[in-house]
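The values are calculated or read from the model by the stated rules, or taken from the named source; none is laboratory data. Everything numeric in this text was worked out from a predicted model, so none of it was measured. All Cβ positions, glycine included, derive from the backbone under ideal geometry; neighbour counts span all protein chains shown.
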Amino acid sequence: MPELPQELITIWFFVFGAIVGSFLNVVVYRVPLRRSIVSPGSACPGCGVSIRWYDNIPILSWLALRARCRACKTSIAIRYPLVELGAGLLAVGTFLSWGLTVAAFEVLVFSWVCLVLALIDYDHQILPDVITYPLILFGLGMSFAGGLTWWLDSVVGAAFGAFLPISVIVIYKLIRGEEGMGWGDVKFLAGIGAVIGLGGCVWVLIVGAVLGALVGLGLVVLGRGTAKTALPFGTFLALAALLYLFLPPAWRLWPPVM
């Protein structure tokens, strides 16, 4: 049986990823509200009318409807198609980098989880346990199934990802009387370590902190924040994790932690 052309498989991965992205939009919206991600079906937040299947086609429906609800003409945020586009591109990037392998499956699921947690933390400054705990178990389990990371590196990475931020929280609270990080960041970083191992976890922690510092500095310079403005660190960790996975390996030489 002849193999399918790589171009066709790439298109399939993008379409599949965009469809998953539509579901990820539901997860991002409902999980922080403790609502079911299964039922009821999607509805317009403006008028409450259920969205028909042909108005829920990833990216295309948003374009066809000109970013408005068919029933009440309420504006539909551009984030929805952007998430679908992002999920599709992550699927394509995973296939092109890892092919059809066990590691590719792990990377793809992890990438989508990072996308979800980045948006939830940005919106609500929380990283739900219902996502972070399964992520840790997923990373550890995949390491025993021939995934991205050797099992010992996965275990050590998860332990480091939990221990270091816990130490930061305890020391910061002793000195300043308040927590310097959220406990959700601890569990998320442990999940990151379980998936990409110790070296990757250190890289993500450093780069995530640098990204957060740059954004914080930018807000201060623009007069939109102060030194005490709370930032969603989980969002920066998620972005750093995606950079670690998809940037050329040479980029991982900075900072020199590998």
Top-ranked residue of region 121-177 - restricted to ones that are over 12 Å from ILE196 (Cα atoms) and among the polar types (S, T, N, Q), ranked as nearest to the chain's Cα centre (by Cα): THR132
Can you run down the residue pairs with Cβ atoms below 6 Å, 6 or more apart or on separate chains, where the first is in region 222-251 and in the same structural domain as VAL92 (by TED's automatic domain parsing) and the partner is assigned to a helix (DSSP H, G or I)? none
So which residues in region 220-248 are surrounded by fewer than 16 Cβ atoms within 10 Å (Cβ to Cβ) and either among the basic types (Lys, Arg) or not in a helix (DSSP H, G or I) (or both), if there are any at all? LEU222, GLY223, ARG224, THR226, ALA227, LYS228, THR229, ALA230, LEU247, PRO248
Just checking, which of ARG79, ARG66, ARG52 is closer than 25 Å to VAL113 by Cβ and charged (D, E, K, R)? ARG79
If you take the residues of region 16-74 that are basic (Lys, Arg) and closer than 21 Å to HIS124 by Cβ, which of them is nearest to the chain's Cα centre (by Cα)? ARG30
So is ILE76 crowded, with 16+ Cβ neighbours inside 10 Å, more than 22 Å from LEU237 (Cα to Cα) and touching a strand residue (DSSP E or B) at 6+ places or on another chain (Cβ under 9 Å) or not? yes
